[in-house]
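Novice: The structure under discussion is supplied below as structure tokens; questions concerning it will follow.
The values are calculated or read from the model by the stated rules, or taken from the named source; none is laboratory data. Treat the numbers as computed from the prediction; the structure is a model and nothing was measured. Using ideal geometry, Cβ is built from the backbone for each residue, glycine included, and neighbour counts are taken over all protein chains shown.
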Amino acid sequence: MSSKEFDPRQVPPPSFSRSPETRSHISSASDSKSHKLKEEVIKFLGGLEAAVDGGEGEGEHAINSHALVEPRGYDSARVPILQFCNEAHSLRLEDPRSSVFQQTGDEFKPLQPDFVEGNPTRLAKNCEEDFLRYYIYIHSLFLLPSLNSPVLLMAATVVPPHAAFFSAKKEIGARSSFSPSISAHRCRKHSLNKVLAVMAPTQPSRAPATTGSVKHGMTMTEKILAKSSDRSKLEPGENIWVNIDVLMTHDVCGPGTIGIFKKEFGQNAKVWDREKIVIIPDHYIFTSDERANRNVDIIRDFALEQNIKYFYDIKDLSNFKVNPDYKGVCHVALAQEGHCRPGEVLLGTDSHTCNAGAFGQFATGIGNTDAGFVMGTGKLLLKVPPTMRFVLDGEMPHHLLAKDLILQIIGEITVAGATYKSMEFVGSTVESLNMEERMTLCNMVVEAGGKNGVVPPDKTTFKYLEGKTSVNYEPVYSDESAKFISEYRFDVSKLEPVVAKPHSPDKRALARECKDVKIDRVYIGSCTGGKTEDFMAAAKVFLASGKKVKVPTFLVPATQKVWIDLYSLPVPGSGGKTCSQIFEEAGCDTPASPSCGACLGGPRDTYARMNEPMVCVSTTNRNFPGRMGHKEGQIYLASPYTAAASALTGYVTDPREFL
Amino acid sequence: MTMATTQAHAPVSTIRASTQRPHCPSRTHSLHFASKPSNFAKFAKTSFSFEPSKIRPITTPRATPSSSPPTTFHGQCYVLGDNIDTDQIIPAEHLTLVPSKPDEYKKLGSFSFSGLPSSLYPIPFIQPGTDSTQYAIIIAGANFGCGSSREHAPVALGAAGVRAVVAESYARIFFRNSVATGEVYPLELEQEGVNKQCTTGDIVTVDLERNVFINHTKGKEFVLKPIGDAGPVIDAGGIFAYARKTGMISSVV
């Protein structure tokens, strides 16, 4: 919409809260109360306007893209904004004693426990920012015709405003605090993250990003590493010291990492940042193997000793559901818990850490020694990889999933095709993928030898992140003039479902050409193929067929959240059935406790482990000899569609047989 | 953060010194010459960028023996193909063993290469009933160590008694872990197909001064690539020792 045609009075007002409970609260509010709300909002806005203009009425504004952050007059408007926040909150909760901030003069200290997690000062500032942005947005609507800033356009796309709201624009009254039930809640969770992401945040956690001018074009990976090493520019091949944003470890590598940390930094050493380490038991959990159980104890002891903020513990192994902190597979948990953020550097003691590249960050796997080093210093020496670009265009056929795309790519470039390189995925098909599908794509970058994978963040990314993290992030994007070491283009509309035959992820073959391969079982799970979307896909195939599976079909949800989704979310086109119901009707095994499970074999008593030689179609990531347990086992890597189709026939099957 | 110094001489590798190497049976020709990282000093100044870049050679080197010992590995080799992944090097079921615990470190060694399919590799890497290997040097094809990031892989090899891997190419995480731990020297060959010209049991020498790999049994010599960027880190004795030198972390207990 062009600014010239825009009349704020014709536009619907912001939907003040996206949370279901607040919306229902508003709708159940009495008429007089909502009328009061409107009055108050208008008065407030009038006051703000006056404050910004220094009381001189409408005039030119010093709002430009920088002033988003520091508009003239914000200082004087700041107090009413924060007061407004408090009153909004108390009105929303219908409790005059409830407030977000404790106000002492001009000092606002956050009170709510949600706000106090993490750095209270930063969170208070986050709230201020949110209000600031809201205020600018509202304000810009009034002044729209006189403004040419891209800000307002971005702001306008965030939230649609209301006509009736501004009809009383002329009634500019005295400044007052008031109470629409807005951003108190938003401040906490549903802040204007989209806007936030595009504009520079007020307080980056490190020195302002010197991402370099376009004279020296850098790829996304190069930019992220430059930002994180306080360099204005760098080139592939350079070794640089990088500041780490998040370090993840789990039960298999955690104990070893901890051992090294203590040995090298001292038995009483403290980790570099108790909030930046995420410890996620997930590999060998539901087993009676004593050492495996002991390893979870080791990481728990360390988490307690170091007061690690994010430790997703499990104590009762007999029932995962009674462990409220337990998540499951680390890479899916990292995403679901909001630890993956655009522009950041995430390292994990697991090769599939590259999974998080789906969020437009640099994420890669490291060993215990490197991780021990990061634990103590918060830095690591990394070599900047050159970037390979993969352009995926064309409409995604309905029988294809991201797994097919990555298997296609690995088959193309081989298991060493991306060694020491970054893989950047762009194109219209990539843009059409949801976050879980993007994760599947980046997850298997390591199978091509890749150091990391990246997908440019966009509104899909930001929407996924809403409500998951309160940490400011700053996405970066490859420059136009960036240099890529190679480029591959795919017309996705022409691709077909593929599998990777034993015993290598690059032994690509068309699923339909393997239809004579008799199979003994199907495994659907892991970070690669055990997310909610993966199970939804499998359910679709079972639903389309209506028949029962011909071979044992094992389902291992990646996390508790995924497990819950299987039992609660309706599958589209099923008339309200959940995945679990569809799986049950199809004769699959009951969905198991969430963990890495048999993807990598594990202790002998691991559920669905391959203890005899047999043929398995699996949604996992590797099929080297012995991967799922038995050295003579044969694993066909496939998409959830292909896996489900194969379960129904007892042979490797192209899902088009059913879809 | 600035890094102002680099190493011209190699100090003792603290990480390596702390690991215990099992004794290799002497009935074979597996003589183990101690390898000193000082050989890599000449590569110390390659492609590191520091800001500000003020690289001063060390003027007071740490104590090293006055006569540098031979920088070679000598012994029997075990030959592998391409794409040997970490699950074959150390199957996942053994990952409950924690490498930083000395007794479990040794146990890890006893399971190294137990994931190799016996149809392709009929000669066991570790004789049944023993917990270390007679093969001090691994010869491999391309992409050695692909797969998982588990550090248990190079650790298991080191714990079993492997001193060096001579491969056509490496997967990056394995290479990095080898360097960081100092457990095995990851050396790369200049030409392809060398593993096809070797047989398990051949007597070989890895000469780090001349950068050659000699197969005495077959009477052939092959060129090794310089260790390159890994040099300064191995030189210093692993990333921790390197970081201490550059002042990133203070000396530790």
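Novice: Considering (1) at negative phi; (2) surrounded by fewer than 17 Cβ atoms within 10 Å (Cβ to Cβ); (3) at pLDDT 95 or above, say which one A:GLY394 fails and leave the rest.
Specialist: Every condition holds for A:GLY394 apart from (1).
Novice: Further question on the same structure: Looking at the stretch A:212-263 only, could you name the residues that are without any contact (Cβ under 8 Å) to a residue 24 or more places away in the chain, under 18 Å from A:GLY378 (Cα atoms) and in a loop (DSSP other than H, G, I, E, B)?
Specialist: Hits for the stretch A:212-263 are A:SER229, A:ARG231.
Novice: With B:GLU93, B:GLU151 as the choices, which residue is farther than 19 Å from B:ASN215 by Cα, facing chain A (nearest Cβ under 8 Å), of a type in the set (Asp, Glu) and out of contact with any helix residue (DSSP H, G or I) (no Cβ under 7 Å at 6 or more places or on another chain)?
Specialist: Unique residue meeting the criteria: B:GLU93.
Novice: Being in contact (Cβ under 8 Å) with a residue 40 or more places away in the chain and of a type outside the set (Val, Ile, Thr) narrows it down to one residue among B:PRO102, B:PRO128; which is it?
Specialist: B:PRO102
Novice: For the stretch B:73-125, how many residues meet the condition of being hydrophobic (A, V, I, L, M, F, W, C) and surrounded by fewer than 18 Cβ atoms within 10 Å (Cβ to Cβ)?
Specialist: So the answer is 2.
Novice: What are the residues in the stretch B:111-139 that are closer than 23 Å to A:GLY633 by Cβ, more than 12 Å from every other protein chain (Cβ to nearest Cβ) and not aromatic (Phe, Trp, Tyr), if any?
Specialist: Hits for the stretch B:111-139 are B:SER112, B:PRO122, B:ILE123, B:PRO124, B:ILE126, B:PRO128.
Novice: Kindly indicate whether B:ALA156 is within 24 Å of A:LYS262 (Cα to Cα), at pLDDT 95 or above, surrounded by 24 or more Cβ atoms within 10 Å (Cβ to Cβ) and touching a Leu at 6+ places or on another chain (Cβ under 8 Å).
Specialist: yes
Novice: Here's something else I'd like to know. Any chance the stretch A:370-385 includes a residue that's more than 10 Å from chain B (Cβ to nearest Cβ) and farther than 30 Å from A:GLU264 by Cα?
Specialist: No, the stretch A:370-385 has no match at all.
Novice: Are any residues in the stretch B:225-241 buried (at least 19 other Cβ atoms within 10 Å of the Cβ), more than 7 Å from chain A (Cβ to nearest Cβ) and at pLDDT 75 or above, and if so, which ones?
Specialist: B:ILE227, B:ALA241
Novice: Return the residues of the stretch A:530-546 that are touching a helix residue (DSSP H, G or I) at 6+ places or on another chain (Cβ under 6 Å) and farther than 14 Å from A:ASN434 by Cα; say none if nothing qualifies.
Specialist: A:PHE535, A:ALA538, A:ALA539, A:VAL541, A:PHE542, A:LEU543, A:SER545
Novice: Which one is farthest from the other protein chains (Cβ to nearest Cβ) among residues in the stretch A:562-606 that are within 21 Å of A:ASN443 (Cβ to Cβ), in contact with an Asp or Glu (Cβ under 9 Å, 6 or more places away or on another chain) and in contact (Cβ under 8 Å) with a residue 60 or more places away in the chain?
Specialist: Among residues in the stretch A:562-606 that are within 21 Å of A:ASN443 (Cβ to Cβ), in contact with an Asp or Glu (Cβ under 9 Å, 6 or more places away or on another chain) and in contact (Cβ under 8 Å) with a residue 60 or more places away in the chain, the one farthest from the other protein chains (Cβ to nearest Cβ) is A:VAL562.
Novice: Please go through the stretch A:264-281 and give me each residue that is among the aliphatic types (A, V, I, L, M) and either within 11 Å of chain B (Cβ to nearest Cβ) or not in a strand (DSSP E or B) (or both), ordered by number.
Specialist: Narrowing the stretch A:264-281 to residues among the aliphatic types (A, V, I, L, M): A:269, A:271, A:277-280.
A:ALA269, A:VAL271, A:ILE280 - these are the residues of the stretch A:264-281 that are among the aliphatic types (A, V, I, L, M) and either within 11 Å of chain B (Cβ to nearest Cβ) or not in a strand (DSSP E or B) (or both).
Novice: For A:LYS540, state whether it is surrounded by fewer than 20 Cβ atoms within 10 Å (Cβ to Cβ), of a type outside the set (A, V, I, L, M, F, W, C) and either over 24 Å from the mean Cα position of the chain (by Cα) or not assigned by TED's automatic domain parsing to the domain that holds A:PHE286 (or both).
Specialist: Numbers: surrounded by fewer than 20 Cβ atoms within 10 Å (Cβ to Cβ): no; of a type outside the set (A, V, I, L, M, F, W, C): yes; either over 24 Å from the mean Cα position of the chain (by Cα) or not assigned by TED's automatic domain parsing to the domain that holds A:PHE286 (or both): yes.
In short, no.
Novice: Restricting attention to the stretch A:406-459, and to residues there that are surrounded by 24 or more Cβ atoms within 10 Å (Cβ to Cβ) and assigned to a loop (DSSP other than H, G, I, E, B), which single residue is farthest from the other protein chains (Cβ to nearest Cβ)?
Specialist: A:PRO457
Novice: Moving to a separate point now. Output the number of the condition that A:PHE484 fails; it satisfies all remaining conditions of (1) touching a helix residue (DSSP H, G or I) at 6+ places or on another chain (Cβ under 9 Å); (2) farther than 14 Å from A:LEU405 by Cβ.
Specialist: Of the numbered conditions (1) touching a helix residue (DSSP H, G or I) at 6+ places or on another chain (Cβ under 9 Å); (2) farther than 14 Å from A:LEU405 by Cβ, the odd one out for A:PHE484 is (1).
Novice: Which members of the stretch A:608-657 meet the condition of being aromatic (Phe, Trp, Tyr) and within 14 Å of another protein chain (Cβ to nearest Cβ)?
Specialist: Listed by number, the list holds a single entry, A:PHE624.
Novice: Then there is this: Test B:PHE222 against the stated conditions and say whether it is surrounded by fewer than 22 Cβ atoms within 10 Å (Cβ to Cβ), among the aromatic types (Phe, Trp, Tyr) and touching a Leu at 6+ places or on another chain (Cβ under 7 Å).
Specialist: yes
Novice: Which pairs do you get when a residue that is part of a loop (DSSP other than H, G, I, E, B), found in the stretch A:316-335, comes within reach of a residue that is of a type in the set (Lys, Arg), reach meaning Cβ atoms under 7 angstrom, with the pair 6+ apart or on two chains?
Specialist: Once the first residue is part of a loop (DSSP other than H, G, I, E, B) and sits in the stretch A:316-335, its partners that are of a type in the set (Lys, Arg) give A:ASN323/A:LYS315.
Novice: Name every residue in the stretch A:597-614 that is of a type outside the set (Val, Ile, Thr), in a loop (DSSP other than H, G, I, E, B) and at negative phi, in order of residue number.
Specialist: Listed by number, the residues that qualify are A:PRO603, A:ARG604, A:ASP605, A:TYR607, A:ARG609, A:ASN611, A:GLU612, A:PRO613, A:MET614.
Novice: For the list (1) assigned to a helix (DSSP H, G or I); (2) in contact with a Ser or Thr (Cβ under 6 Å, 6 or more places away or on another chain), I need the number of the one condition that A:PHE286 fails.
Specialist: (1)
Novice: Listed residues A:ARG627, A:ARG656; which is in a loop (DSSP other than H, G, I, E, B) and either touching a residue at least 24 places away in the same chain (Cβ under 8 Å) or crowded, with 22+ Cβ neighbours inside 10 Å (or both)?
Specialist: A:ARG627
Novice: Still on this model: Test of understanding: among A:GLY343, A:GLY378, A:GLY367, A:GLY360, which residue is crowded, with 24+ Cβ neighbours inside 10 Å, of a type outside the set (A, V, I, L, M) and either assigned by TED's automatic domain parsing to the domain that holds A:THR620 or in contact with a strand residue (DSSP E or B) (Cβ under 7 Å, 6 or more places away or on another chain) (or both)?
Specialist: None of the other options fit; the residue is A:GLY360.
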